[in-house]
Amino acid sequence: MAEDTVADIKRKSMTIIVTKGSLDWGYPPFILATTAAALDYEVTLFFTFYGLALLKKKLDPKFTVLGNAAMEMPMFGTHIAMPNFMAMIPGVDAIAGSMMKKMIKDKGVASLEELREAAVLSDVRMIACQMTLDLFEYKKEDLIDDIELGGAATYFDIASRSHINMFM
Amino acid sequence: MAEDTVADIKRKSMTIIVTKGSLDWGYPPFILATTAAALDYEVTLFFTFYGLALLKKKLDPKFTVLGNAAMEMPMFGTHIAMPNFMAMIPGVDAIAGSMMKKMIKDKGVASLEELREAAVLSDVRMIACQMTLDLFEYKKEDLIDDIELGGAATYFDIASRSHINMFM
Amino acid sequence: MAEDTVADIKRKSMTIIVTKGSLDWGYPPFILATTAAALDYEVTLFFTFYGLALLKKKLDPKFTVLGNAAMEMPMFGTHIAMPNFMAMIPGVDAIAGSMMKKMIKDKGVASLEELREAAVLSDVRMIACQMTLDLFEYKKEDLIDDIELGGAATYFDIASRSHINMFM
């Protein structure tokens, strides 16, 4: 159909509302955004809530094994699920965090900083939620330069015209 | 194109599957729903799983700092990340909960109850998942009046015709 | 309109990116996928991150009450919210897990294994993320047979043509 042909040649587009900012949950938005950009999608990330932490100049996402009941780490040649009470020992979270960073590095997967930089270089549009900024008392200068400030209206304007919209 | 023009004048629409019911994760669905409604979207919220708790007449969402590794509270002029083990001290969760409520109030952000009421007044359609209701032994009279009961088939019927569909 | 008629007779389609693999969060993707399939949707599940655990032959999802501040279990004729510190007592998570399994069984809701089998029988297309497989050192033979391996490009190809796309 003529209209299908027209739709097909329109550039594909995706938006993601990013609400989580921990070391593990910081990966999915940047991985999906950079992959989509590589596939020539127009990509917009809208950072709000805890996700705003991913835009800080000094990126220091915390990793927690709490509440990730499905997490298993390859260790000693097998998979070991971390029991919740282990996370209660001060220091265990920090160890799990650096283990995950090492594991990711050994496998040739990019760090969160590298992925964010790749997103900037791929022209992924990154919008920081003004309301969250005010609520959590972040300052614009705490965040990286390659972003804009915006509100929900900006988001809806883009999302209503996009092929794929996600909330993570 | 003629078909684009027709599509553009059709009313925009959004659905959200709401699966979480804690104090913090209760905000995103109501904020997005009321904002979309203000932008004249047709909005449907489908409450299921733990999200059903947000429809209770007596709204008493719990707040937990556990598993929110990215959470930082502005305190003493800086941002303090709550270490997981602090949450283990009985009472700390309650304190963090009321701090967040106060923080939200000081900033002029609406309470969860106010946002829910705004959603009702904005004609946001709210559907409680019948299966979850049965599973968690909630009674219809425990929930606010301005809702309907429905199942996944109802949800899919609406979502397949909507511009933006989300799962939170 | 002619183009609407054409669109309406096209088969509806849905994709879900499945990133969580715990006992409770394993339910939503399989419930939505099998329901959509029953409504004649073309359904694709893309398992990545912690969600990959849901494809293991030996399905042993853990249940944790941590971080689920909204969770309330019907007990003694009322709803009891589990305080976080209870989860710290070794064994409590296991008890809550088997309670939830029993609760689900008593209500006539299918087990996770039954739902996964139903998804296979309903021709739900299940794709395991190759990158996650490598990162978490899973082997293809650890996973059930009825799946394919794929990457983000495969996912985007399907999602950009689908009516409903979700991330859970």
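No lab work stands behind these numbers, since they all come straight from the coordinates. Since the model is a prediction, treat every value here as computed from it, not as a measurement. Don't worry about glycine lacking a Cβ; one is built from the backbone with ideal geometry, like all the others, and counts go over all protein chains shown.
Annotations
- Going from the fewest other Cβ atoms within 10 Å to the most, the residues B:V43, C:V120 appear in the order C:V120, B:V43.
- Selection among C:F46, C:S13, C:L32 by position relative to the dipole of the stretch C:7-61 gives C:F46 as farthest towards the positive end (Cβ unit charges, Cα centre).
- Residues A:R11 and B:L121, FRET efficiency given R0 of 30 Å [Cβ-Cβ distance, rounded to 0.05]: 0.20
- Taken one residue at a time, the phi angles of the stretch B:112-118 give Karplus couplings (6.51, -1.76, 1.60, θ = phi - 60°) of 4, 4, 5, 5, 5, 4, 4 Hz. Gly and Pro are set to x.
- Fewest neighbouring Cβ atoms within 10 Å first, the residues A:I158, C:I127, C:I16 line up as A:I158, C:I127, C:I16.
- Inter-chain Cβ neighbour average for residues A:153-166, partner chain, 10 Å: 5
- Each residue of the stretch A:120-130 is assigned a 3J(HN,Hα), and the resulting list reads 4, 5, 8, 6, 5, 7, 10, 10, 8, 5, 4 Hz, derived from the Karplus form 6.51 cos²θ - 1.76 cosθ + 1.60 (θ = phi - 60°), x at Gly and Pro.
- Among A:E114, C:E137, a tally of other beta-carbon atoms within 10 Å of each Cβ gives an order, fewest to most, of A:E114, C:E137.
- Restraint check, B:K56/C:K20; B:K140/C:K57; A:K20/A:K140; A:K58/C:K20, Cα-Cα greater than 30 Å: B:K140/C:K57
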